[in-house]
Amino acid sequence: MQKIRVELGERSYNINIDGACLHELGSSLVRFEFSRRLALVSNPTVYELYGAVVSRAIKDAGYELTEIIIPDGEEYKSLQWLQNIYEELLKARLDRKSALIALGGGVIGDITGFAASTYMRGIDFIQVPTTLLSQVDSSVGGKTGVNHPLGKNMIGTFWQPRLVWIDTETLKSLPEREFCSGLAEVIKYGVIWDSDFFDFLEAQREKVLGLDTDALQHIIRRSCEIKAEVVSKDEREAGLRAILNYGHTIGHAIETITGYKRYLHGEAVSIGMHLEARLSEVLGLIDAEKVKRIRKLLESYGLPSEMPEGADMEGLFSAMQLDKKAVSGDLKFVLPEKIGAVKIRGGVSAGEIKDAVR
């Protein structure tokens, strides 16, 4: 089993990566000295595939387990469904030494983490991500939250998990579209931090898309290493961590104006990555060939790179104004200067943004 440490002092934790390891989860919890009552949060799709093995592993380790199933989809990462989780936790009488286990993708991880951070003013939780996107991004770093109709992830907390448990075998049951969506976040790490990793993704495309075990473990490990390094240096996004938002300023706005239904998160981020690279070109920070290289890699993994036909441009700009990174209406963009390096830039005019988006 590969282990990556997220160094955050007393909040430090491990990211464990292996294949076919879900059955070992229960025994790994004993060292945390949780109380006997735990809760598992999942969705119907993931629970049908992996709920039995995870539940059995936890119960065999001596825990009582409450299982909470919420519908599958970004639109269910809401205050309404958060309320439902609280009700189930209270009915099951989970206490301050209890813990929640998030079994699923980014939606499950985000809402479970937020519930854990607020239930009884904060209890522990474990991330068991089952999608590529959640394994390489959302399960690591402690960002939790739910959506509001006016903006994505506008209500949330920073709350670090006690453990991230990644079983790469779960990716084999992932629909191709979901897998490719996760690759957008993988490509992001190459653009913002590691040009060699970007080169690897270009050269090993067939192995990655073919779910080659070594290639998968490499992209997951390297992505987690980069995110762990960034988060360890800047846990609460005071500066450096903001580079992880590359593609997200435009990407989140696209999700908002399409009601979280037209695009998967990674697909929206992919469009945002290309358009924000183009914005960087408009501002003279990067040359056109590098922008083309970014676009080509995204498209080679089956990801979209352009705004949808007939997109509501006024709605897009309105949604961007609600971005959490905006201060007094000034949008902050993460803009690539080359493959492997970015800068955070404010003071971008509406005209420059429109030039990039067009």
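No lab work stands behind these numbers, since they all come straight from the coordinates. In this text the structure is predicted, and so the values were computed from the model without any measurement. Heads up, the Cβs are rebuilt from the backbone with ideal geometry, glycines too, and the neighbour counts pull from every protein chain shown.
Quick look at the numbers
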read-out	value
Cα gyration tensor shape for region 266-305, rounded if a/c is under 1.5, else prolate or oblate	oblate
Contact order normalised by residue count of region 135-279, Cα under 8 Å, 6+ apart, percent	27
Residues ASP110, ASP196, ASP214, ASP124 arranged by fewest to most Cβ contacts within 10 Å	ASP214, ASP196, ASP124, ASP110
Qualifying lysines (Cα of each under 30 Å from Cα of LYS97; at least 8 residues distant if same chain)	LYS3, LYS59, LYS77, LYS143, LYS227, LYS233
Label corresponding to Rg/Rh (Cα atoms, Kirkwood Rh) when calculated from the structure given, among [x] 1.02; [y] 1.34; [z] 0.96	[z]
Sparse-neighbourhood loop sites, chymotrypsin sites (Phe, Trp or Tyr not before Pro) in region 21-58 - DSSP loop, at most 10 other Cβ within 10 angstrom	none
Dipole of the chain [Lys/Arg +1, Asp/Glu -1 at C-beta], most positive-end residue of MET320, LEU331, ILE85	ILE85
Between helix 265-282 and the chain: long-axis angle, C-alpha atoms, 0 to 90°, nearest 10	30
Where trypsin sites (Lys or Arg not before Pro) fall in DSSP loop in region 1-82, at most 12 other Cβ within 10 Å	ARG36
Shape of region 2-173, Cα gyration tensor, a/c cut at 1.5	rounded
The chain: calculated mean residue ellipticity at 222 nm from DSSP helix runs of at least 4, using -39500 (n - 2.57)	-13000 deg cm²/dmol
Qualifying GluC sites (Glu not before Pro) in region 279-358, DSSP loop, other Cβ atoms within 10 Å at most 10	GLU309
Under the Karplus curve 6.51 cos²θ - 1.76 cosθ + 1.60, θ = phi - 60°, whole-Hz ³J(HN,Hα) for region 185-195, x wherever Gly or Pro sits	5, 5, 4, 3, 4, x, 5, 7, 9, 9, 5
Helix axis angle, 288-300 relative to the chain longest principal axis, alpha carbon, degrees	40
Bridge type composition, the chain - antiparallel percent by DSSP, nearest 5	40
Nearest 10 degrees, 0 to 90: helix 79-91 Cα axis against the chain principal axis	10
